[in-house]
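Everything below concerns the one structure shown next.
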Amino acid sequence: RPTFDVEAIRRDFPILSQQVNGKPLVYLDNGASAQKPEAVLNAMDRYYREMHSNVHRGAHTLGDRATAAFEGARETVRRFLNAESTREIIWTRGTTEAINLVANGLATRLKPGDEILVSHMEHHANIVPWQMIAERTGARVLPIQVTPDGELDLDSFHSLLNGRTRVLALTHVSNVLGTVNPVAPLIEEAKKRGILTLIDGAQAVPHFQPDVRALDCDFYVFSSHKVFGPTGIGVLYGRAQLLEEMPPYQGGGEMIERVSFERTTWNVLPYKFEAGTPAIAEAVGLGAALDYLNGLDRVAVEAAESALLARANDLVDSVPGMKIIGTAREKVPVMSFKIEGLHPSDIGTLLDQQGIAIRTGHHCAMPLMDFYGVPGTARASFAFYNTLEEVDRLFTGLQKIQRLFA
Ligand code: PMP
C-alpha cells in the first residue's frame, strides 16, 4: 500500500467490526495483546488444511511442506530483525520464555558479587528470571532509576556501572509509560566494558522495526501476539557465538545430535534450544504477521500512531482530575493515567460498558507502580488500526465517568 488508509486497514482485522455491550468495539488494549489481520488467520488455516505434519523428519511430502513453511517463517524473522543468520533466531513461547532461556544460559558465567543491571521500569518478565538466577549464583540484580517523567535516569545508569557488572537487561519500550529508551548508546557503553546486553523488545516491535546489527546487542526478544501474530510463540535473537557457548535450556527431541547412555551431544543452532515439537502453525502465523507489517508504509504508520497519541494528549485537560503517568519525550502511543477520585479498575469496568477496552492494574510492573506511589493505572495502548474518532470516544467516555462517579 502506498499510503495509509485506516478504514482499509481496519477491514483487514475482522475482530474490530463488532459490537461489545451494544456499542461498536473500541480496542485500546493493544499493549496486552494485539489483534490479528486476516492474513495471519488465513496463513494458519491454510497451513493446517494443506501442509501440516511434524517438521525436520523428512521422508514424506507433507513433512517437507511443513518444514519449508516453518523455516521460511524463521527467515522472515531474521530479515525483520536484520540478524546475520537464521542460526541466531530461536523460537520460544514468548518474551518471558526467551528471557528465562538467556538467564539460565548465562548462569555459568555468574559468580557471587556479580551484578545484573535492569531498570525500574521493567516488566516482571525482565526482573524475576534474573532474580532467580541471582539466587542460584550469588549475583545481584540492581535497578537503573527512572525520572519522574518516566525516562531512564542516565546518571543512575553510569553510576551503577562497575567492574562487577556482567549483564544489562533493558526494555526497549516501557509497557506502562510508552517510553522509548535510548538503548543504542547504553549498549555501546556496556559493550566497551564487556557487559552482555539483552533488550526486551515486546513493546517495541509493534511500533517500529529494530535492527539488531545496528543496535549491536547480544540478545533481543519479543512476543508474536503483541506484533499482530498468534499467541504461543516468540523470538529470541542471540549472537551466534554466545548461543554456541550457552548450555541448552530444555532437553528432549530435536535439540540433540546423538543420544546414548554414555554421552549425549547437542544439535547445531538454532535447534539446540528448541526441544520438542515446536509451535509450527504459530511460527507460520508470526511470519504472516511480519509480512503484513512489511506490506504497510511504516513511515505513514508511525505518523498515524503519533497523531493518535497527540490527539489523546490534547484531550487530557477535558477530563477534570486526569493525570498522565509517563511524559517522556520519546513515546510510542501508550497512555497510562489516573483520575482523581476513581479507582483504575472502576475506570476499566465503566469504559467496558461503553464498548471501550483498556487495561487496568499494575501491568506486571510493580516496582514502577511503587515508584509512582499508585496501586495501578488505567492504560490505553493504541495500534495503527485505531482511529482519531476512537480516541475521541475514549475521552467522551472518561468525561462521562468522571462526571457521574468521581
Ligand atoms: N516485556 C514487556 C515489556 C511486556 O510488555 C510483556 C507483556 N506484557 C512481556 C515482557 C511479557 O511478554 P509475554 O507475556 O508475551 O511473554
Item to check | Criterion (without any contact (Cβ under 8 Å) to a residue 12 or more places away in the chain and not polar (S, T, N, Q)) met by exactly one of Leu16, Leu62, Leu25 | outcome: Leu62
Next on the checklist: Could you list, ordered by first residue, the pairs with Cβ atoms under 7 Å in which the first is in the range 321-349 and not assigned by TED's automatic domain parsing to the domain that holds Ala383 and the second is part of a strand (DSSP E or B) and crowded, with 19+ Cβ neighbours inside 10 Å, at least 6 apart or interchain?
Outcome noted: none
Item to check | From Phe13, Phe80, Phe70, residue being under 27 Å from Ala125 (Cβ atoms) and assigned by TED's automatic domain parsing to the domain that holds Tyr385 | outcome: Phe13
Item to check | helices (runs of 4 or more DSSP H) within the range 30-112 that include 2 or more residues within 21 Å of Leu168 (Cα to Cα) | outcome: 95-106
Checklist entry - Any residue at all in the range 362-369 that is closer than 20 Å to Pro320 by Cα and not in a loop (DSSP other than H, G, I, E, B)? => result no
Next on the checklist: Test of understanding: among Val235, Val301, Val284, which residue is of a type in the set (A, V, I, L, M), touching a residue at least 60 places away in the same chain (Cβ under 8 Å) and within 30 Å of Leu196 (Cα to Cα)?
Outcome noted: Val235
Next on the checklist: Quick test for you: out of Arg109, Arg79, Arg74, pick the one residue that is of a type in the set (Lys, Arg), more than 16 Å from the ligand (Cβ to nearest atom), modelled with pLDDT of 95 or more and over 22 Å from the mean Cα position of the chain (by Cα).
Outcome noted: Arg109
Checklist entry - Which members of the range 311-361 meet the condition of being of a type outside the set (Ser, Thr, Tyr), farther than 15 Å from Leu177 by Cα and in a helix (DSSP H, G or I)? => result Arg311, Asp314, Leu315, Val316, Asp317, Pro344, Asp346, Ile347, Gly348, Leu350, Leu351, Asp352
Checklist outcome for this item: By residue number, the members of the range 259-281 that are surrounded by 16 or more Cβ atoms within 10 Å (Cβ to Cβ) and touching a residue at least 40 places away in the same chain (Cβ under 8 Å) are Leu269, Pro270, Tyr271, Phe273, Glu274, Pro278, Ala279, Ile280, Ala281
Next on the checklist: Condition (residue is within 26 Å of Ser381 (Cα to Cα) and touching a helix residue (DSSP H, G or I) at 6+ places or on another chain (Cβ under 8 Å)) applied to the range 242-264: is it met by at least one residue?
Outcome noted: no
Checklist entry - If we scan the range 328-345, do we find a residue that is on the phi > 0 side of the Ramachandran plot and either within 24 Å of the chain's Cα centre (by Cα) or within 16 Å of the ligand (Cβ to nearest atom) (or both)? => result no
Item to check | Residue list for the range 230-243, filter: small (Gly, Ala, Ser), within 11 Å of the ligand (Cβ to nearest atom) and not in a strand (DSSP E or B) | outcome: Gly232
Checklist outcome for this item: Within the range 113-138, residues among the hydroxyl-bearing types (Ser, Thr, Tyr) and not in a helix (DSSP H, G or I) come out as Ser119
Checklist entry - Filter the range 375-392 for residues that are at pLDDT 95 or above and closer than 15 Å to Phe337 by Cβ; which is surrounded by the fewest Cβ atoms within 10 Å (Cβ to Cβ)? => result Gly376
Item to check | Restricting the range 180-218 to residues that are small (Gly, Ala, Ser) and more than 16 Å from the ligand (Cβ to nearest atom), the residue that is farthest from Asp149 (Cα to Cα) | outcome: Gly194
Checklist entry - Does Gly321 qualify as being modelled with pLDDT of 95 or more and more than 27 Å from Lys23 (Cα to Cα)? => result no
Item to check | Residues located in the range 42-78, provided they are over 30 Å from Phe219 (Cα atoms) and among the aliphatic types (A, V, I, L, M) | outcome: Met51, Ala59, Leu62
Item to check | Residue count, the range 115-163 (criterion: more than 13 Å from the ligand (Cβ to nearest atom), of a type in the set (Gly, Ala, Ser) and closer than 18 Å to Gly105 by Cβ) | outcome: 3
Checklist entry - Out of the residues in the range 210-229 that are touching a strand residue (DSSP E or B) at 6+ places or on another chain (Cβ under 6 Å) and assigned to a loop (DSSP other than H, G, I, E, B), which is surrounded by the fewest Cβ atoms within 10 Å (Cβ to Cβ)? => result Asp218
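The values are calculated or read from the model by the stated rules, or taken from the named source; none is laboratory data. Just so it is clear, the structure is predicted and the values come from calculations on it, not from any experiment. Here the Cβ is made from the backbone with ideal geometry for all residues, glycine too, and neighbour counts use every protein chain on show.
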